[in-house]
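Colleague: Right, I'll just put the structure down here and ask away after.
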Amino acid sequence: MNFQLFAVQGEGRLERQIKGRLDGLGSFPRLKASGANGDPLAHRAYRNDDVGDVPAAFAVVDTWLRDELGIRPLAVGHRVVQGGPDYVRPVMIDDAVMANLERMIAFAPQRQPHNLVPIRTILANYPALPQVACFDTAFHLARPAVSEGTHRPGGESNARWGFHGLSYESIARTLPLVAPEVAKGRVIIARLDNSSSMCALRDGRSVESTSAFYAFGAQTSDEIDPGTAVFLTSGSEIRSGLSDAYADAPEPDASGALLANGIVERLAYRAGLNAGLLAAALEGLDAFVFTGAIGESSATIRACIAERLGWLGAVLDENANAQHARLISRGDGRIPIYVLPSDDELAIARHTLALLLNRPSSQ
């Protein structure tokens, strides 16, 4: 279970305070958390009998935040993979919303149940605590009707839903700040992680997306999407010294094992195929973006994929790529290639705060 905590400062400004994870459920449960300067706040192991499921994991995190740090959250925002056709933006969770999300399990049977367990746990323990559901599907619901991935009422059996919408929303929000010359153009984003997908944007909006693909094996039952829970608290409740910087995404190919097994080659091949499909949907391409833990950290994987983008006009700058620069393409290429971190949790926190303050929530 991944979690982050944001403090709400004056005028609704969000400051990340804690970033953490409790994983290893069913094998070797361990809690890791750190602050903004990389200061470790927790690194603890637990007996499997004591932390054997998601409700128990939530209880550990909740006890740590409340009893040891003295933090009382104002609200909790959740990533929910599947919102169906009706939820085009985040919503405050109540019994009716939960019933609708339960019905969506059939469309995401491996992920949706994990997303709903923490929500039910908080409802049972803190029924008055506001909770907000933020949907990965919502970002893709405005796609053109001609896209076969666009859901239309009455056609659930034929719908193909988009993935990782909060990641793509985060990049769409970042692009105008770092590359305004291409932000309104035709952009492909490759979100590479254990669960990967790609998305075509035009003017910052989803035009087409791929199915999820798993380069390094399917998710195990004890893994939950990053950003499952984002806690908001008032800035005055945070003790000095807490902040952000928990990262456990080392270079995936450091040992060479992935290269030896051909996994990188298969991932690059799949990404190259998807790039062609998405470029066709966009009728051209103005920029390519890598994001996700693997997309941001693995120079080797980026190089392998960029090689397959040459026909689209991509020319990799090997030195910039090795240094994990923001712009990793050469000037003589036709399209720029960027490496941009997505911040799904900040997107969730913004939506949660907007609903708390009864402000419009942009999607």
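The values are calculated or read from the model by the stated rules, or taken from the named source; none is laboratory data. As the structure is a prediction and not an experimental result, all values here were calculated from the model. A quick note on method: Cβ atoms are made from the backbone with ideal geometry, for glycine too, and the neighbour counts reach across all protein chains shown. Remember, those area values only see protein heavy atoms, side chains included, never the ligands or the DNA or RNA. Shrake-Rupley method; radii C 1.70, N 1.55, O 1.52, S 1.80 Å.
Colleague: For the range 76-111, enumerate the residues that are within 20 Å of Leu22 (Cβ to Cβ) and buried (at least 19 other Cβ atoms within 10 Å of the Cβ).
Modeller: Residues satisfying the conditions are Val76, Gly77, His78, Arg79, Val80, Val81, Arg111.
Colleague: Do we have Thr291 as open to solvent by less than 60 Å² (accessible area, probe 1.4 Å) and over 18 Å from Gly165 (Cβ atoms) here?
Modeller: No, not satisfied.
Colleague: Same structure again: Going residue by residue through the range 152-172, is there one that turns out to be modelled with pLDDT of 95 or more, surrounded by fewer than 17 Cβ atoms within 10 Å (Cβ to Cβ) and of a type outside the set (S, T, N, Q)?
Modeller: Within the range 152-172, none of the residues are modelled with pLDDT of 95 or more, surrounded by fewer than 17 Cβ atoms within 10 Å (Cβ to Cβ) and of a type outside the set (S, T, N, Q).
Colleague: Taking the range 25-42, which residues are within 23 Å of Leu346 (Cα to Cα) and open to solvent by 20 Å² or more (accessible area, probe 1.4 Å)?
Modeller: Matches in the range 25-42: Lys32, Ala36, Asn37, Gly38, Asp39, Pro40, Leu41.
Colleague: Within the range 186-203, track down each residue that is assigned to a loop (DSSP other than H, G, I, E, B) and open to solvent by less than 20 Å² (accessible area, probe 1.4 Å).
Modeller: Passing the criteria: Leu192, Ser195.
Colleague: Return yes or no: is Gly84 touching a residue at least 40 places away in the same chain (Cβ under 8 Å), out of contact with any Pro (no Cβ under 8 Å at 6 or more places or on another chain) and at positive phi?
Modeller: So Gly84 fits the description; yes.
Colleague: In addition: Restrict the check to the range 295-318 and report whether at least one residue is open to solvent by less than 30 Å² (accessible area, probe 1.4 Å) and without any contact (Cβ under 8 Å) to a residue 12 or more places away in the chain.
Modeller: no
Colleague: Checking Ala45 against (1) open to solvent by 60 Å² or more (accessible area, probe 1.4 Å); (2) hydrophobic (A, V, I, L, M, F, W, C); (3) closer than 13 Å to Glu345 by Cβ, which single condition isn't satisfied?
Modeller: In the conditions (1) open to solvent by 60 Å² or more (accessible area, probe 1.4 Å); (2) hydrophobic (A, V, I, L, M, F, W, C); (3) closer than 13 Å to Glu345 by Cβ, Ala45 misses (3) alone.
Colleague: Hey, another quick one. Give me a count of the residues in the range 3-24 that are open to solvent by 20 Å² or more (accessible area, probe 1.4 Å) and either assigned to a strand (DSSP E or B) or more than 16 Å from Ala354 (Cα to Cα) (or both).
Modeller: 7
Colleague: Then there is this: Quick one: is Ala145 hydrophobic (A, V, I, L, M, F, W, C), modelled with pLDDT of 80 or more and either open to solvent by 30 Å² or more (accessible area, probe 1.4 Å) or under 22 Å from the mean Cα position of the chain (by Cα) (or both)?
Modeller: no
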